[in-house]
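Below is one structure, written out as structure tokens, with a few remarks after it.
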Amino acid sequence: MTQSLTIARPDDWHLHLRDGAMLQAVLPETARHFGRAIIMPNLVPPVVTGAQATAYRERILSALPKGMQFDPLMVLYLTEQTDPDDVAAAHASGLVKAVKLYPAGATTNSASGVQDFDKVRPTLEKMAEIGLPLCVHGEVTDSDIDIFDREAVFIDRVLDPIRRTTPGLKVVMEHITTSNGVEYVKANAKDLGATITTHHLIINRNHILVGGIKPHYYCLPVAKRESHRLALRAAATSGDARFFLGTDSAPHTDPNKESGCGCAGCFTATNTMALLAHVFDEENALEKLEGFASQNGPAFYGLPVNSETLTLRKSETATVFPEKISSDDGPVTVFDPGFPVFWNVT
Ligand code: NCD
Ligand code: ZN
């Protein structure tokens, strides 16, 4: 039996497009299905100023294949040197839709992130005043904190204090991976949202480690135990508008993933929408997919829902996704859910 589902065109509220040859290769994978995306600023060097965001936006738009429509929503990378007035001007011009907080050393290209949170207080206060959201990579980096506990500890030690001392600051907890993250969002009605990735709805930590190490399942925050995956699934499919899609699709070339010190990141742009349809179908929640992928994010950011639509179809034969996409930097492996998927975008 063929089944189909039409939803407003989705957006991706957390995406890595990179630059140069990689940007060229991965941008069409997102633009094919998504109307807009929050573009992560962790380039080398990072996108810190309004001027850098303008230049990066232009590089993205010139890499967009003719005939494709896509609106990159730019984000500034918060550093201890960030100038609150530059941030406010970039927001006032409509260029910048969020500021990103990386604790220094938490993930790929986060060396310029924040160590001393008092140093960014003036910027956070300015953001609260002008209504500019803070996107947070929610992991502490202390070497004595176990990697599987870093999100829960971040909530207690960093996030909750920031929110208490900066009332009115809108915060997105990005790529939450734990029931602690889900519960924190649910307990805090105001000014708080969370993105959930496609892959964290599908894999737990066993997928990375059992039967041999699987570098293409390694990302940060690292997938946690099964009970956390189930909590994420329940949140994503609940219809609660505080949870929305941020794929965190993060391309790295195969040599950089399949290495003695492999990079963190799952590349899911190509098959995310089909995989989400599978997951929501499995949870008997197909009618909640549009909220999660197309409506809750714009509502949080105060933007209109896309007027175009996207249609997904379930067929009797399994969908064949490309195993890799090629770039002039090298091949990038597409996330493999490890089970047959019958949904696809038409
Ligand atoms: C991201 C990347 O590769 O830039 N990696 C990842 O595992 N998600 C960085 C990030 O969002 O943490
Ligand atoms: Zn990311």
(1) among the β-branched types (Val, Ile, Thr); (2) within 16 Å of ligand 2 (Cβ to nearest atom); (3) out of contact with any Cys (no Cβ under 8 Å at 6 or more places or on another chain) all hold for Ile208 apart from (2)
Here are Thr197, Thr237: which of them is within 14 Å of ligand 1 (Cβ to nearest atom), polar (S, T, N, Q) and either within 21 Å of His16 (Cα to Cα) or at pLDDT 95 or above (or both)?
-> Thr197
Test for Lys224: is it modelled with pLDDT of 95 or more, away from ligand 2 (no atom under 16 Å from the Cβ), of a type outside the set (Phe, Trp, Tyr) and not in a helix (DSSP H, G or I) | yes
Which of (1) in contact with a Pro (Cβ under 8 Å, 6 or more places away or on another chain); (2) modelled with pLDDT under 95; (3) of a type in the set (A, V, I, L, M) is the odd one out, the single condition Ala189 does not satisfy?
-> (1)
Of the conditions (1) touching a His at 6+ places or on another chain (Cβ under 8 Å); (2) of a type in the set (Lys, Arg); (3) over 18 Å from Lys170 (Cα atoms), Arg59 clears all except one; give me its number.
-> (1)
Among the listed residues Phe267, Phe244, which satisfies the condition of being within 16 Å of ligand 2 (Cβ to nearest atom), touching a Pro at 6+ places or on another chain (Cβ under 6 Å) and aromatic (Phe, Trp, Tyr)?
-> Phe267
Might you let me know whether the stretch 119-127 holds any residue that is β-branched (Val, Ile, Thr) and in contact with a Gly (Cβ under 9 Å, 6 or more places away or on another chain)?
-> no
Could you tell me whether any residue of the stretch 117-132 is under 23 Å from the mean Cα position of the chain (by Cα) and either within 16 Å of ligand 1 (Cβ to nearest atom) or among the acidic types (Asp, Glu) (or both)?
-> no
Considering only the stretch 240-271, how many residues are surrounded by 22 or more Cβ atoms within 10 Å (Cβ to Cβ) and away from ligand 1 (no atom under 14 Å from the Cβ)?
-> 5
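The values are calculated or read from the model by the stated rules, or taken from the named source; none is laboratory data. Please read all numbers here as calculations on a predicted model, not as lab measurements. For neighbour counting, all protein chains shown are included, and Cβ atoms are generated from backbone atoms with ideal geometry for every residue, glycine included.
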